Each structure stands twice: as C-alpha cells, then as structure tokens.
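Enquirer: Take a look at this one; I'll ask things after.
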Amino acid sequence: MSTPARTAVLVRRLFLHPLLPPPRARRLVQLYAGLCAFGLGCALLIASRLGAMPWDVLHQGLAQRTGLSVGACSILTAGAVMLLWAPLRQRVGLGTVSNAVVVGLAVDASLWLLPEVESLAARWIALAAGTVLTGLATGCYIGARLGPGPRDGLMVGLAERTRLSVRTARTGIEVAVVVAGALLGGTVGIGTLLFAVAIGPLAQLALPLLRVGPADPAAAQAGTSR
C-alpha cells in the first residue's frame, strides 16, 4: 500500500468522515453557538456556589491545586481524556476538538464577565439559569452531529469495551470525577445533583428541535453530551 493510501486509511480510522458534511454553515453556527452557551451555563453553575456540574467539580479542584483557571483545566482534562480514545477506538470529529477547546475558553470568559453573585436568591437563579442553558446548549451542539465531546467518547468507548451499559459507564465516570474533584477542593452541592437529574431531559427536549439531517452514520450516532 502506498504512503498516501496508508495515510488515508489512518485518517479514516482516527477521524469521522466527512469532518464537515452539508449543510456546513448551519452545522458550524449551531456547534459553536452551543459550545459557547454551554460554557456560559457551566460558569453560571460555578458562580452560584451551590454545586458545579460533575466534571467542573474536578476542574475546580485542579484549578485550586495548580493555580490555572477552571477553563484551562477543562481544556487540559479534555486533552488527557482524548488520549484514552486510541485504545478504545473512538473517532474524533470537528465537534470533539472544538468541544475540548471552546467550552474551556467560554467558561473562563464567562466567569470573568459575570458579576459577583451575592444573595442566596441570586445564587439560585444562577443555578437554575445555568442548568437550563446547559441542557439546551447540549441539544444545540449535539444536534450539529459533528462528533462527540471528549468525555462522551470515553464513556461510549468504555461501554463498548467492557460491555457495560452507557448509563452505567457514565455514572461510574461521573461519580469518580466528582469524588476526585471534591477531594481536590471542588464545589459539590445541591446544584451538582440537580444538574445530573435535569441535564438529560433538557437535552432530550432540545435535540429534536435542533438536530441537523443525518451525515455519516458514525457521525450521526456519535454525540451525546460534553
């Protein structure tokens, strides 16, 4: 097999194909709008101080230990998680790489722009707004069908390799990251629990309204959430 042919085979094994199927403009706008909104939702949950989403508990803990921002820790964690994809044989999409980078940047930008949330009533409003926004944003960027988020690729890959259900794999991963994040100093609270309960129904509500027509079959099945 020639070198170009080998390269083409390797690319097909590592990346979803095509990376950007039509309608391209709508997919891109929906993907990046969803990721930015997701980052804002995460920031609202953090700002509420009533409990961050599970992965952000870990990112907060890492931020406290390293001195990096929460968003930077999110990006680094996503990169580390993607390294685990190779043995799990998960394929990367444009949405995967974008998710890894854009959400972290959006979290940091939103935390910088958001005012300090002081009163308990304002904190509950931030929690509710962050949860709803994150759920709708999840449906938005998943609906673009450009690949799963890094953490979801890990979840699906583990489920396929271990014959666990996706629900069991997700629960196990998120319990582990919440425990690790809490031990590092991340914020666990009622917001963490409410997010875990609400994110699925909210995303399910938004997804039928925002789903772009099917692309490659693998891409169509890829995305589930962050």
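The values are calculated or read from the model by the stated rules, or taken from the named source; none is laboratory data. Quick caveat: nothing in here was measured; it's all calculated off a predicted structure. Glycine also receives a Cβ, built like all others from the backbone with ideal geometry; neighbour counts cover every protein chain displayed. Note: accessible area is taken over every heavy atom of the protein model, side chains too, but ligands, DNA and RNA are not part of it. Shrake-Rupley method; radii C 1.70, N 1.55, O 1.52, S 1.80 Å.
Enquirer: Scan the range 158-168 residue by residue and report those that are among the small types (Gly, Ala, Ser) and farther than 16 Å from residue 89 by Cα.
Expert: 165
Enquirer: Additional query: Could you tell me which of the residues 65, 49 is closer than 18 Å to residue 190 by Cβ, open to solvent by 50 Å² or more (accessible area, probe 1.4 Å) and out of contact with any His (no Cβ under 8 Å at 6 or more places or on another chain)?
Expert: 49
Enquirer: When you scan the range 5-107 for helices (runs of 4 or more DSSP H) that lie fully inside it, which ones turn up with 2 or more residues that are among the aliphatic types (A, V, I, L, M) and closer than 26 Å to residue 211 by Cβ?
Expert: Answer list for the range 5-107: 24-48, 70-83.
Enquirer: Could you say whether any residue in the range 128-135 is of a type in the set (A, V, I, L, M) and open to solvent by less than 10 Å² (accessible area, probe 1.4 Å)?
Expert: Keep residues of the range 128-135 that are of a type in the set (A, V, I, L, M), which gives 128-129, 132-133.
Among the residues that remain, those that are also open to solvent by less than 10 Å² (accessible area, probe 1.4 Å) are: none.
No, because not a single residue in the range 128-135 is of a type in the set (A, V, I, L, M) and open to solvent by less than 10 Å² (accessible area, probe 1.4 Å).
Enquirer: Just for helices (runs of 4 or more DSSP H) wholly inside the range 115-221: which have at least 1 residues that are in contact with a helix residue (DSSP H, G or I) (Cβ under 7 Å, 6 or more places away or on another chain) and closer than 20 Å to residue 31 by Cβ?
Expert: Numbers: elements: 120-143, 150-162, 166-184, 190-210, 217-220.
Once the helices (runs of 4 or more DSSP H) in the range 115-221 are filtered for at least 1 residues that are in contact with a helix residue (DSSP H, G or I) (Cβ under 7 Å, 6 or more places away or on another chain) and closer than 20 Å to residue 31 by Cβ, what remains is 120-143, 150-162, 190-210.
Enquirer: Still on this model: What do you reckon, is residue 15 modelled with pLDDT of 95 or more and among the aromatic types (Phe, Trp, Tyr)?
Expert: Numbers: modelled with pLDDT of 95 or more: no; among the aromatic types (Phe, Trp, Tyr): yes.
In short, no.
Enquirer: Scanning the range 78-115 for residues that are of a type in the set (Val, Ile, Thr) and closer than 22 Å to residue 160 by Cα, which turns out nearest to the chain's Cα centre (by Cα)? Before you say what the answer is, go through the steps one by one.
Expert: Initial filter on the range 78-115 (of a type in the set (Val, Ile, Thr)): 81, 92, 96-97, 101-103, 107.
This time we only want the ones that are closer than 22 Å to residue 160 by Cα, so: 81, 92, 96-97.
Numbers: 81: 11, 92: 14, 96: 9, 97: 11 Å.
So, considering only residues that are of a type in the set (Val, Ile, Thr) and closer than 22 Å to residue 160 by Cα, the one nearest to the chain's Cα centre (by Cα) is 96.
Enquirer: Against the definition (farther than 26 Å from residue 16 by Cβ and buried (at least 16 other Cβ atoms within 10 Å of the Cβ)), how does residue 74 come out, yes or no?
Expert: No.
Enquirer: Next question, about the same structure. Against the definition (in contact (Cβ under 8 Å) with a residue 60 or more places away in the chain and buried (at least 23 other Cβ atoms within 10 Å of the Cβ)), how does residue 142 come out, yes or no?
Expert: So residue 142 fits the description; yes.
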